[in-house]
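For reference, the structure discussed in these notes is given below.
The values are calculated or read from the model by the stated rules, or taken from the named source; none is laboratory data. All of these numbers come straight from a predicted model, not from anything done at the bench. With ideal geometry, Cβ positions are generated from the backbone for all residues, glycine too; neighbour counts draw on all protein chains shown. What goes into the accessible areas is simple: the full protein's heavy atoms, side chains included, and nothing from ligands, DNA or RNA. Shrake-Rupley method; radii C 1.70, N 1.55, O 1.52, S 1.80 Å.
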Number of protein chains: 2
Amino acid sequence: MPNGQYFKRWNVKFRYIRVMLSKKTKYGLKALTYLARVEGKEPVQIAEIAKQENISQKFLESILLTLRRNGFLGSKKGKGGGYYLIKEPKDIPMTTVMRVLEGPIAMVPCVSLNFYEKCDDCPDEATCSVHKLMLQVRDSALEVYRDNTLADLL
Amino acid sequence: MPNGQYFKRWNVKFRYIRVMLSKKTKYGLKALTYLARVEGKEPVQIAEIAKQENISQKFLESILLTLRRNGFLGSKKGKGGGYYLIKEPKDIPMTTVMRVLEGPIAMVPCVSLNFYEKCDDCPDEATCSVHKLMLQVRDSALEVYRDNTLADLL
DNA sequence: GAAAATCCTAGTAAATTGATAGGATAATAA
DNA sequence: TTATTATCCTATCAATTTACTAGGATTTTC
């Protein structure tokens, strides 16, 4: 393996890697899916989702809070409370989910649609090979996220 | 911004983000491009590339070493020495460059072609929404990397 | 008013990144 | 031969990020 660098996050044997999904996003997606699959619109408790999806409850708590604050979920306190979707799954595109949980879809700021920033080390985007490549990567990822709503993942 | 989390790596104002290109890969790509643009096959010194591309020389040194060890570059020591491409740019697909510098192209191990690993928290890939989405993301990224050789970025 | 749930801020250990330090080795030129 | 030039190589480091956990405040229901 190159460089003798190994990587613990996927648990073993991986080389050096950066471009990967955070647990936060992974768990967030699983929770949204779980809520979408539930019959009716009854609130579902954090504890139930955490248990069914093998997620740390406290960690999931903070993720669901983020999703609520960003308009994906509603919540109810007290007995019989919990979280529920406030939109139809087919009206929740993955672009918005990814942007909220994971951040910009672009892999470099100079090709970001919503968070554009000039790279300070690069004098000219027009001739930058990284820019050229990452623009294509962004577009292809964007296409996938635009094509998929929560309903498509069920 | 959600969660009050800010991100320093792109330098300011970004929210929480993970899916981004490392400097290592960015610099590696720039160096490869630089070498591909040079006339002839004369070795180019690290110092020259570092200066022209605004890269820390020592950091670049370690990156070029990785690229050499992985069969992209040849090197020559002593005066007049440096690094040079040992293949034609059109014969260097971005898939191999990305895999060596950045790691697996997949964003989760359970959809990785070369580094497959079952997610330990997920009982069934067939019904996993994350798996379903990330499979599409991997395929679209792979398509881009397969379509682009170093020659295409010049 | 007790119980059950979410809300919210803060903190933390381990991993990762993006470097730097410092010398060993090899090739060339004087 | 010796000095110079450049790559080779290992080790180390501070700052950042991740993936949590702690601990209580608040709100709703019974």
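The table below lists the values:
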item: Qualifying residue in segment B:61-83 (condition: within 18 Å of A:Leu133 (Cβ to Cβ) and surrounded by fewer than 20 Cβ atoms within 10 Å (Cβ to Cβ)); result: no
item: Some residue of segment A:91-104 being under 25 Å from B:Asp120 (Cβ atoms) and within 12 Å of DNA strand C (Cβ to nearest atom); result: no
item: Candidates A:Glu39, A:Glu117 - the one that is assigned to a loop (DSSP other than H, G, I, E, B), more than 14 Å from DNA strand C (Cβ to nearest atom), over 30 Å from B:Leu32 (Cβ atoms) and open to solvent by 10 Å² or more (accessible area, probe 1.4 Å); result: A:Glu39
item: Segment A:84-109, residues that are more than 15 Å from DNA strand D (Cβ to nearest atom), open to solvent by 10 Å² or more (accessible area, probe 1.4 Å) and within 12 Å of chain B (Cβ to nearest Cβ); result: A:Pro89, A:Pro93, A:Thr95, A:Thr96
item: Qualifying residue in segment A:113-130 (condition: among the hydroxyl-bearing types (Ser, Thr, Tyr) and either within 16 Å of DNA strand D (Cβ to nearest atom) or within 16 Å of the chain's Cα centre (by Cα) (or both)); result: no
item: Condition check for B:Cys122: surrounded by 17 or more Cβ atoms within 10 Å (Cβ to Cβ) and in contact with a His (Cβ under 8 Å, 6 or more places away or on another chain); result: yes
item: Where a residue in segment A:75-102 is on the phi < 0 side of the Ramachandran plot and among the polar types (S, T, N, Q) and its partner, wherever it lies, is more than 16 Å from DNA strand C (Cβ to nearest atom) and open to solvent by 70 Å² or more (accessible area, probe 1.4 Å), with Cβ under 9 Å and at least six apart; result: A:Thr95/A:Arg146
